[in-house]
Amino acid sequence: MQVAILRWDEDYGGVGGWLLDTVRERIAVPEIVPDRWTVLPWISWSPDGRFALLVASGEVTMGDMAVIDATTGTSRSIHYQDFTRDHGKTQVELAEYDNLRWLAPDRYSVSITVRCNTFQVSPCDISKVISNHIAQLDLLSETVQYTNGVR
């Protein structure tokens, strides 16, 4: 069994962590959070348990994710295409990770929405979606395909 443990900071959120292999009694991945990132307390495991996804938090990352490969012991960041019109000044991009769907053990899809940036635009209705894009990721080939609209 694989267990992810996050190092938590009250002011910043998840600032580090490890992936533990409880069967072999070892640290499978020594650092699961990319450098200078914080992550949300959310994780999604692939159907076969090989991959785990974490969601970055903060304005700079704009919905990026980290993928952990429990087999190779590596982690890397996933950066989605920027669909905002001004690189996050008046709009923010969010990966709707609660609607993430595994298509296969090494592939998933997630909806990417663009909304107004409540820190920069007033008034701003954050519930209004400006645009929506579906990202399908293949974790083995590290490729991403985008389509417009809903699934």
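The values are calculated or read from the model by the stated rules, or taken from the named source; none is laboratory data. Remember, it's a predicted structure, so these values are computed and weren't measured experimentally. Virtual Cβ from ideal backbone geometry, glycine too; neighbours counted across all protein chains shown.
The residue that is farthest from residue 3 (Cα to Cα), counting only those in region 68-95 that are under 12 Å from the mean Cα position of the chain (by Cα) and surrounded by fewer than 14 Cβ atoms within 10 Å (Cβ to Cβ), is 79. In the set (1) within 23 Å of residue 16 (Cβ to Cβ); (2) over 12 Å from the mean Cα position of the chain (by Cα), residue 65 fails one condition alone, (2).
If you go through region 71-81 and keep only what is part of a strand (DSSP E or B) and among the hydroxyl-bearing types (Ser, Thr, Tyr), you end up with 74, 75, 77. Entry remark, region 100-151: residues being closer than 20 Å to residue 44 by Cβ, at pLDDT 90 or above and either in a loop (DSSP other than H, G, I, E, B) or aromatic (Phe, Trp, Tyr) (or both) number 10 in total.
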